[in-house]
1. Go through (1) out of contact with any Gly (no Cβ under 9 Å at 6 or more places or on another chain); (2) modelled with pLDDT under 90 one by one and return the number of the condition PRO64 breaks.
2. ASP59 - would you say it is touching a residue at least 12 places away in the same chain (Cβ under 8 Å) and touching a strand residue (DSSP E or B) at 6+ places or on another chain (Cβ under 6 Å)?
3. If you go through region 58-93 one residue at a time, how many are of a type outside the set (D, E, K, R) and surrounded by 14 or more Cβ atoms within 10 Å (Cβ to Cβ)?
4. Are any residues in region 1-53 open to solvent by 40 Å² or more (accessible area, probe 1.4 Å), at pLDDT below 95 and over 24 Å from ASP85 (Cβ atoms), and if so, which ones?
Amino acid sequence: MSSSSISNAIKVLEDLLGGLNQAYWEANSLDRKDFFYDLISALHAELSELGKLSVQDHDLDYEPVTEEFRAVRPKLSRLRKLVDDFALRSTTAVRLEHLINEAMVLMGRNGVS
């Protein structure tokens, strides 16, 4: 498996952030909103740290930077398995499933299970 560059990782994470934001606003319970908010917060922290890198660094291989983002891996796995229950609209569910798979690949070889 080839590794992803930081610039590619930023795009994948920004896309995932958009998908999670959409799912957040579609969620019909506080528990689901809290679940999505936790993931969104971790993505914001990761993207914030990646934003501090210089443009010259964007060709380097990506590895998760923040502990918060590394800690959401189990939640992303859970969401991937339950995406049809957590995302009310089918278009959101399909989009999230694709985006989560991309993010899990970014997080390492063991990302897709």
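1. If we test PRO64 against (1) out of contact with any Gly (no Cβ under 9 Å at 6 or more places or on another chain); (2) modelled with pLDDT under 90, just (1) comes out false.
2. Details: touching a residue at least 12 places away in the same chain (Cβ under 8 Å): yes; touching a strand residue (DSSP E or B) at 6+ places or on another chain (Cβ under 6 Å): yes.
Answer is yes for this residue.
3. The initial filter retains those residues of region 58-93 that are of a type outside the set (D, E, K, R), namely 58, 60, 62, 64-66, 69, 71-72, 74, 76-77, 79, 82-83, 86-88, 90-93.
In the following step, the residues that additionally are surrounded by 14 or more Cβ atoms within 10 Å (Cβ to Cβ) were identified as 58, 62, 64-66, 69, 72, 76-77, 79, 83, 86-87, 92-93.
So the answer is 15.
4. The answer is MET1, SER2, SER3, SER7, ASN8, LYS11, SER48, GLU49, GLY51, LYS52, LEU53.
A quick yes/no check of all residues on (1) in a helix (DSSP H, G or I); (2) within 18 Å of ASN8 (Cβ to Cβ); (3) of a type in the set (Val, Ile, Thr):
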{"residue": "LEU43", "(1), (2), (3)": "yes, yes, no"}
{"residue": "GLN56", "(1), (2), (3)": "yes, yes, no"}
{"residue": "GLU63", "(1), (2), (3)": "no, yes, no"}
{"residue": "GLU68", "(1), (2), (3)": "yes, no, no"}
{"residue": "PRO74", "(1), (2), (3)": "yes, no, no"}
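The values are calculated or read from the model by the stated rules, or taken from the named source; none is laboratory data. As the structure is a computational prediction, the values presented were derived from the model and not from experiment. No Cβ is skipped: glycine too gets one built from the backbone with ideal geometry, and neighbour counts run over all protein chains shown. Accessible surface areas use protein heavy atoms only, side chains included; no ligands, DNA or RNA. Shrake-Rupley method; radii C 1.70, N 1.55, O 1.52, S 1.80 Å.
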